[in-house]
1. Whole number in Å², please: accessible area per residue of the stretch 179-302, 1.4 Å probe, ligands, DNA and RNA not counted.
2. Accessible area of the stretch 144-302 with a 1.4 Å probe: how many percent of it is carbon plus sulfur?
3. Could you list the square roots of 5 times each eigenvalue of the Cα gyration tensor of the stretch 144-275, that is, the equivalent ellipsoid semi-axes, sorted largest first and rounded to whole Å?
4. May I ask you to compute the full-extension gain from Leu5 to Asp149, defined as 0.36 nm times their residue separation minus their alpha-carbon distance, rounded to one decimal in nm?
5. Taking the Cα centre of the stretch 137-273 as the origin, how large is its charge dipole in debye, to the nearest 20, when only Lys and Arg (+1) and Asp and Glu (-1) carry charge on their Cβ atoms?
6. Can you pull the one-decimal nm distance between simple spin-label points at Arg301 and Ile282, each 7 Å off the Cα toward Cβ?
7. Taking the Cα centre of the stretch 185-245 as origin and charging only Cβ (+1 Lys, Arg; -1 Asp, Glu), how large is the dipole, in debye to the nearest 20?
8. Between Thr52 and Ala248, what FRET efficiency follows from the Cβ-Cβ distance if R0 is 41 Å, with the result rounded to 0.05?
Amino acid sequence: MRHPLLQRFPGTEHTEHAFSALYRDGGLRVGRAPLACWRLSREADILALPETLHTLRLELPGLEVSGLLAYEAGLALHGIRTAKESATQAPLALIQLFAPENISDELPLNEASFSLTSAFRPDVAVPDYRQAIARIHAYEKAGTDRAQDQALASDLMASDKDRAENLMIVDLLRNDLGQVCLPGSIQAAPLFELRRFSNVQHLVSTVTGTLRPDVDPLDALLAAFPGGSITGAPKKRAMEIIDELEMAPRGFYCGSQFWIDAQGDLDANILIRTFQCQDGQIVCHGGGGIVVDSDADTEYRE
C-alpha cells in the first residue's frame, strides 16, 4: 500500500517520470523508478515541503530524494509574490522519491517533462552531513599560453571589483548559514583562492559551518536558497528588484538540483550553464552580477 504522504500535495501531478536527472557521479543510481513524483506549483506546497519530507524519511527509512528547485521557489520562501508566468511553464519544484530496493536496470527514455543537461558533480565531498559548505566563484577566461594565463590570473587577483563582489557574497552566506549553524562554527577560509581549469580561472572563497542538531540538511539548503551569488545583497531586497526588472521568471535557471541519500546526506548545486529542454524546445539563460564598479562590455563578455 502506498504511504498516504506520497499523495501529500493536493492538485499535484503524480507522473511516472516527472523529470530525468542522471547522477553518474552522485549517490543515486541511474535508471531507478521513483515511488512518487511531485510537480509543485503552489507557494504553500514549497513551504510545506521540508516538514513533509522530514516526516516521510522518518516513517520510510532509507527513502532517497532528488529534486529541482526553481529560482521562484526562493521568492515563495522569502515571502515575495510575483504574478509572472513562466514561458517554459516550469513549476516551482520537481521532486522524486525513491526506495532503496526499488532499482531498475533500464533508464526511462522519452518520459520526461523536463530534462537538464547540467552535470551534477559537486566539487567538494562532505562525509559529515552536519557540515554545510558554500563556495563563491569569480571568473576570468584562461589564456592561450602560460604567460597569458598568469597575466589574466594576476588581473583577477588584483581586481578590486571582483574581490569586493566576492566578499559581499561571503558575508551574505555567513548570514544565511548563521540561521542554521552552531554559534561560532562558521568560518570563511580560504578567501580569494585562485583555481585554474582548462578554459576558465576561478577566484574561490569557501564558507563552512556545523549545522545545529535540530536542523535537517534540506532545511539548511532552503534557508540559504537561492544562492547569494545569483541574488546579490541584501538578498530579499535584491530579489524584489530582480523581480521588478526582469521580464520573465527564471524558472530552474539559478535554482538548484539536489539529492538526499538514504543516510540523509545532501548535495546541491546552483543551476547555471544549463540547457532546459521541454516540448521540443531548448532554453538557455545567461547573466552576470552587476555592481557599481561593473564594466558593461566586460560583464557582457563574461
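The values are calculated or read from the model by the stated rules, or taken from the named source; none is laboratory data. Note that this is a predicted model, so its numbers are computed, not measured. No Cβ is skipped: glycine too gets one built from the backbone with ideal geometry, and neighbour counts run over all protein chains shown. The area values use the complete protein model at the heavy-atom level, side chains included, leaving out ligands, DNA and RNA. Shrake-Rupley method; radii C 1.70, N 1.55, O 1.52, S 1.80 Å.
1. Numbers: 6480 Å² over 124 residues.
Value returned for the stretch 179-302: 52 Å² of accessible area per residue.
2. Working: 4470 of 8490 Å².
Exposed carbon and sulfur together represent 53 percent of the surface.
3. Numbers: eigenvalues 150, 80, 56 Å².
That gives 27, 20, 17 Å for the three semi-axes.
4. Details: separation 144, 0.36 × 144 = 51.84 nm, distance 5.41 nm.
That works out to 46.4 nm of additional length.
5. Computed charge dipole of the stretch 137-273: roughly 240 debye.
6. 2.6 nm
7. Numbers: 6 positive and 7 negative charges, 60 e Å.
With only Lys, Arg, Asp and Glu charged at Cβ, the dipole is about 300 debye.
8. Details: r = 29 Å, r/R0 = 0.71.
About 0.90, to the nearest 0.05.
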